[in-house]
């Protein structure tokens, strides 16, 4: 009788084990007890089901519904995920459940800790009182803590009442924060930028990036200056098929109101609008449009942190329609250009309403004679803003046709002769009255012809050979000579124009020296030197007719020189100068040097230039400045350093200084910028800090852009 119960027990256990393996369920424990479909196991419990592994001190499992409750040192392994918690209620089939007091990691590198987690599906979680980071260090470099969060695998984490901390130091509070998990573009807030300005006070800059579609995105920006005001911007980018694309940038700034006791009014609120668009049209036409408008040049000078743009005050708007086919090209331009001069508080404005051109490239008539032409219709206005207010600006409409015959001569390898015969035919719809000098609606036909001959050579060269007899260097000496003649204009004084018109009858001569080396089976120019000068045969009608030297019009132009030295592809030295033979001075000097390339760990660029008018002093145009830009990557310390300065030598004052230091700390990028703007009404020093973490980029200077 004793063997029967043992046999029955054996059959029961065999059936139990068979059912577990049939369903893919396996339970290992020190003690197991089953009551119908309910299993209770304690002591180093292991549950294996499909691709899920569950470890705990105690579990309760329903074999039919696959609901499991576990407690005590609970560890659960899921695909690309592991979690440790105190208690868990989980369904093995649906992978849904709730975790309490949980710490875990989701691949690739999301580490979290939470009071509770509700797993709504295999890809969607809900956290309560959580801390999250993508740093894998034992002590995370940074983390977010939040009251609640939603996690969508391989997509995003959105958090409410989140606090961002570096190490254990809290830095920022976000009512709402969205952290992207996809390595590609993702919608969410960028990390903010903080700083201080001596004139604008403390400032905070925050951007929100919106990945609308694969072919378009947008960035919203908010700038707060404690002593100046509040600004907001939008940057929208789009790209469609066949090359249609563009960018729109809007910005509005509201200045802080001055106290009532102050008599002076604060500056008016300002805005800017920038837009560019390119689009192919039917019949192989293409359209380009560009707008760069700001309501206040003073605002741009005081707030735009792009140095080149802040010191040059321009407004531009244009629409350009073009088409090219075979030998011909068509273009139509509608535009408005304005340049503001702060020294005299006035602007030069030009309109093209429109300018239409139709031209051809060289068409062979018979070898070696070629024909080409250009033609245009132009309706334009030009003048100072003060003249526009008085309606005294220059304006006119004209038609021009310029045919050209070219005869190149190249049968001799060391000698080239190009001869050109051209004509200028201009029809003006308005003209000047010779007596009153006022514009009248009387048409004017003006024409002349041009003879242009250019001789290059005879070219002399010498090849230097290396020790193995292979060519190493080639030295080329090449003289040049050109003769240019324009026949006199008819009724020159009646042409409406804001500029002086000159008739050119001149000779130009020059000499160039070039050294080439053979590198990678290709010639590379390592040194070049050029000297040239122009002699005017009719100086009274030349550009030099505006000047006098001892009562006479000069005939000789400045001697122009240019030198370039490139010992390697990454090192370059450029020097150009002009020498005035009458005053024995240098009206123009320019030096540019580059050591390395910007992609290298070390890079240095220096530019120095000086320009004056040797015949008369003109402080509005004379310049003497130097700028220097350098970069150094210290790989061992994970530090990138950049610096720049611009100095006005003529006025002996600094214009701009910038220093930037970026520290790459594994999953954290930290950057410090110091900018000093000496050219502003009140010299301003800015201190900015910004950082990027994991997949979240940094908020950039919305007005200044990415330029340095």
(message) Among the numbered criteria (1) in contact with a helix residue (DSSP H, G or I) (Cβ under 8 Å, 6 or more places away or on another chain); (2) crowded, with 16+ Cβ neighbours inside 10 Å, which one does residue 558 miss?
(response) (1)
(request) State whether one or more residues within the stretch 44-64 are touching a strand residue (DSSP E or B) at 6+ places or on another chain (Cβ under 6 Å), at pLDDT below 95, more than 28 Å from residue 157 (Cβ to Cβ) and not in a strand (DSSP E or B). (result) no
(request) Answer yes or no: is there a residue in the stretch 69-79 that is part of a strand (DSSP E or B), over 53 Å from the mean Cα position of the chain (by Cα) and touching a residue at least 24 places away in the same chain (Cβ under 8 Å). (result) yes
(request) Check whether at least one residue in the stretch 237-249 is touching a helix residue (DSSP H, G or I) at 6+ places or on another chain (Cβ under 8 Å) and either surrounded by 15 or more Cβ atoms within 10 Å (Cβ to Cβ) or at pLDDT 95 or above (or both), and report yes or no. (result) no
(message) Show me the strands (runs of 3 or more DSSP E) found entirely inside the stretch 606-690 where at least 1 residues are farther than 27 Å from residue 207 by Cβ and not assigned by TED's automatic domain parsing to the domain that holds residue 549.
(response) 623-634, 639-648, 653-665
(request) Go through (1) part of a strand (DSSP E or B); (2) over 33 Å from the mean Cα position of the chain (by Cα) one by one and return the number of the condition residue 139 breaks. (result) (1)
(message) Can you tell me which residue is modelled with the lowest pLDDT among those in the stretch 311-357 that are farther than 21 Å from residue 381 by Cα and not in a loop (DSSP other than H, G, I, E, B)?
(response) 311
(request) Only residues that are in a strand (DSSP E or B) and over 12 Å from residue 188 (Cα atoms): list them for the stretch 199-219, please. (result) 201, 202, 203, 204, 205, 213, 216
(request) Quickly run through the stretch 589-603 and pick out the residues that are part of a loop (DSSP other than H, G, I, E, B) and surrounded by 16 or more Cβ atoms within 10 Å (Cβ to Cβ). (result) 596
(message) Which condition from (1) surrounded by 13 or more Cβ atoms within 10 Å (Cβ to Cβ); (2) without any contact (Cβ under 8 Å) to a residue 40 or more places away in the chain; (3) closer than 30 Å to residue 379 by Cα is the one that residue 478 breaks?
(response) (3)
(request) Might you let me know whether the stretch 111-127 holds any residue that is assigned to a strand (DSSP E or B) and at positive phi? (result) no
(message) I'd like the residue in the stretch 177-192 that is more than 22 Å from residue 107 (Cβ to Cβ) and assigned to a loop (DSSP other than H, G, I, E, B) and, out of all such residues, is modelled with the lowest pLDDT.
(response) 187
(request) Name the one entry in 372, 360, 378 that is within 43 Å of the chain's Cα centre (by Cα) and within 30 Å of residue 346 (Cα to Cα). (result) 378
(message) Take residue 272 and tell me if it is farther than 21 Å from residue 691 by Cα and crowded, with 16+ Cβ neighbours inside 10 Å.
(response) yes
(message) Looking for something under 30 Å from residue 437 (Cα atoms), touching a helix residue (DSSP H, G or I) at 6+ places or on another chain (Cβ under 7 Å) and in the same structural domain as residue 443 (by TED's automatic domain parsing) - is there at least one such residue anywhere in the stretch 468-489?
(response) no
(request) Please tell me if residue 283 is in a strand (DSSP E or B) and either out of contact with any strand residue (DSSP E or B) (no Cβ under 6 Å at 6 or more places or on another chain) or modelled with pLDDT of 95 or more (or both). (result) no
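The values are calculated or read from the model by the stated rules, or taken from the named source; none is laboratory data. Everything quoted here is computed from the prediction, not taken from an experiment. All Cβ positions, glycine included, derive from the backbone under ideal geometry; neighbour counts span all protein chains shown.
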